[in-house]
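Below is one structure, written out as structure tokens; the observations come after it.
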Amino acid sequence: MEFSCNILNSLQNKSILITGSTGFLAKIFVEKVLRVQPNVKKLYLLIRATDSNLAKQRLHDEVLGKDLFRVLREKYGEDFESFISNKVTPLPGDVMYANMGVKNSEMLQELLNEITIIVNVAGNTKFDERYDVALDVNTFGSMNVLNFAKNCIKLEMLLHVSTAYVCGEKSGLILEKPIRMGETPNGSLDLDILQEQSIAQNKLKELETLQATKDEERSAMKELGIKRASLYGWRNTYVFTKAMAEMMIWHSRGYLPLVIVRPSVVTSTYKEPFPGWIEGTRHIDTCAVAYGTGKVTCFLGNPNFALDVIPGDMVVNAMIVAMVTHANQSSEHIYHVGSSSKNPCTPNKFADYGYHYFLINPVISKGGKPVIVTKPTMLTSLDSFGRYMRAHYILPLKVFKVVNMLCCCNYFHQTYSDMKKKISYAMYLMNLFGPYIFFKGIFEDDNTERLRIAMTSASASDAEIFYFDPKCIDWEDYSINVHLPGVVKYCLKL
Ligand SMILES: NC(=O)c1ccc[n+]([C@@H]2O[C@H](COP(=O)([O-])OP(=O)(O)OC[C@H]3O[C@@H](n4cnc5c(N)ncnc54)[C@H](OP(=O)(O)O)[C@@H]3O)[C@@H](O)[C@H]2O)c1
């Protein structure tokens, strides 16, 4: 790879538009750029809001107000606000609309004249979102961003954040290759994205004719998404609509310099701005939180397959290096950012680290008592999960039912309905997360490795600032001393 640029210097005087900055990943991106390169010209943050006051408010509450910005605040002290108002412009908008919903014509003109880089991180990350909404945001929203990018006269780069799981149900080595238009994990080439849009619209009309309630409409549209995804071999609506986004933007990119970054499962920061920052409870952390709080005593995962996770700051560093390296090149690149290829760790090891962490640092329950964890049972397949549920929940549930009937009373009614809720919740989580946890593939990351090696040989200081080598991670140390304390601090709600 030709690598002639200096990453840090190249960020100077750039005008970067970022979508999704109220979310977990883009926030880390914004903080990093502002902290390492104060001479960046401007960051325009597209924020879902009806007007600029609300966008400003959300910027302050949901972005700058987070602990993530503590180091930057300390660096600037009382000049923090003026530094931010010079460098950051919140934009009310929504990627579901043309021009990303930016309505102010003066601002629109400024963006079209000034923007040099667009980083599209916005996404609807609910696995089982309504099909119409997920299509509008993830698939057609990404197209709106691409169309906007094409109209920016100084544009040097569009970086789109996808997900490694766009590959669908696969095993073996998953390559950093584009998905061909219409190609599905089932091997057919007959997916028609516009037809998918019509299917969603027709279903909505049908529900309207049937005078479905809002709740009925929501659950029917959610069901439709999952049904369409599994028909083609994707695990859920989220990855399906993200895969369609990739197909569309790749197909329609023209001569636009394009980078697609596909992270695996993003976890708390490894090092910067400080170790262990995270927001919201994500896939693997849902299990950790449930285990630490005593809600479950088992962990899921097959010891033969890697559970691919990667810290958020490494993902952001890889994004910055890729976008700067390929800026102004009329070419396109795909990067997997994960750990399963170069430094895999297995679910049972993560479970073990969780056990050791919570044994020494028990969660204190609402009642003030420590939650004592026991060594978790590892459930290594969907079948063993089913057996575990039957033995621990479904059979006792049947016993309760019989006792209730024999006693002709509702003495156990509360226990019975609590158990029913637990079972359906566990089944629901399993349906959503199971395929991730039991994923058999390994994400090849040779492009990402080449990028890293090229940066390292060009500049030792860039390599230090923009580290993203997953081989550096000691999973035991990271889990016990960084990630789990971060999850407990930022995500645990008792
Ligand atoms: N986190 C992971 O483990 C992971 C792994 C692989 C890939 N990714 C990808 O990385 C990206 C960011 O993920 P994340 O974890 O940061 O997600 P997140 O915390 O759920 O944030 C999503 C962001 O997208 C914004 N957004 C949603 N709909 C929008 C719309 N119609 N118009 C404009 N903005 C909209 C959200 O704004 P609101 O605040 O207004 O909702 C929020 O800022 C996503 O594209 C996701 O697919 C994430």
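The values are calculated or read from the model by the stated rules, or taken from the named source; none is laboratory data. This one's a predicted model, so the numbers in the text were calculated from it and none came from an experiment. Note: ideal-geometry Cβ built from the backbone for every residue, glycine included; neighbour counts use all protein chains shown. Each accessible area value is taken on the protein alone, full model and side chains, heavy atoms only, with ligands, DNA and RNA left out. Shrake-Rupley method; radii C 1.70, N 1.55, O 1.52, S 1.80 Å.
Some notes on this structure:
- Residue in segment 196-212 that is open to solvent by less than 100 Å² (accessible area, probe 1.4 Å) and among the basic types (Lys, Arg) present: yes
- Residue under evaluation Ile7, criteria (1) open to solvent by 10 Å² or more (accessible area, probe 1.4 Å); (2) closer than 24 Å to Met314 by Cβ, criterion not met: (1)
- Top-ranked residue of segment 50-60 - restricted to ones that are open to solvent by 20 Å² or more (accessible area, probe 1.4 Å) and within 11 Å of the ligand (Cβ to nearest atom), ranked as farthest from Thr163 (Cα to Cα): Leu54
- Residues (in a helix (DSSP H, G or I), within 10 Å of the ligand (Cβ to nearest atom) and crowded, with 22+ Cβ neighbours inside 10 Å) located in segment 92-133: Met100
- Filter pass, Ile226 being outside any loop (DSSP other than H, G, I, E, B), of a type in the set (Val, Ile, Thr) and out of contact with any Phe, Trp or Tyr (no Cβ under 6 Å at 6 or more places or on another chain): yes
- Reported count of residues in segment 274-289, each being open to solvent by less than 20 Å² (accessible area, probe 1.4 Å) and either assigned to a strand (DSSP E or B) or away from the ligand (no atom under 11 Å from the Cβ) (or both), is 3.
- Segment 146-173, subset outside any strand (DSSP E or B) and under 20 Å from Ala318 (Cβ atoms), residue farthest from the ligand (Cβ to nearest atom): Glu156
- Where helices (runs of 4 or more DSSP H) fall wholly inside segment 446-494, the ranges with 2 or more residues that are open to solvent by less than 20 Å² (accessible area, probe 1.4 Å) and either within 30 Å of Pro370 (Cα to Cα) or in contact (Cβ under 8 Å) with a residue 40 or more places away in the chain (or both) are 446-458, 484-491.
- Total residues in segment 22-41 satisfying the condition of being part of a helix (DSSP H, G or I), more than 14 Å from Asp67 (Cα to Cα) and open to solvent by less than 10 Å² (accessible area, probe 1.4 Å): the figure is 4.
- Just so you know, in segment 243-255 the residues that are open to solvent by 10 Å² or more (accessible area, probe 1.4 Å) and touching an Asp or Glu at 6+ places or on another chain (Cβ under 8 Å) include one that is farthest from the ligand (Cβ to nearest atom), and it is Arg253.
- For segment 314-349, a tally of residues being outside any loop (DSSP other than H, G, I, E, B) and open to solvent by 30 Å² or more (accessible area, probe 1.4 Å) returns 4.
- Sole residue being open to solvent by less than 70 Å² (accessible area, probe 1.4 Å), in contact (Cβ under 8 Å) with a residue 24 or more places away in the chain and either at positive phi or more than 16 Å from the ligand (Cβ to nearest atom) (or both), chosen from Ile179, Ile193: Ile193
- The requirement of being surrounded by fewer than 19 Cβ atoms within 10 Å (Cβ to Cβ) and within 16 Å of the ligand (Cβ to nearest atom) is not satisfied by Gly294.
- Test for Leu54: is it more than 19 Å from Asn120 (Cα to Cα) and at pLDDT 95 or above: yes
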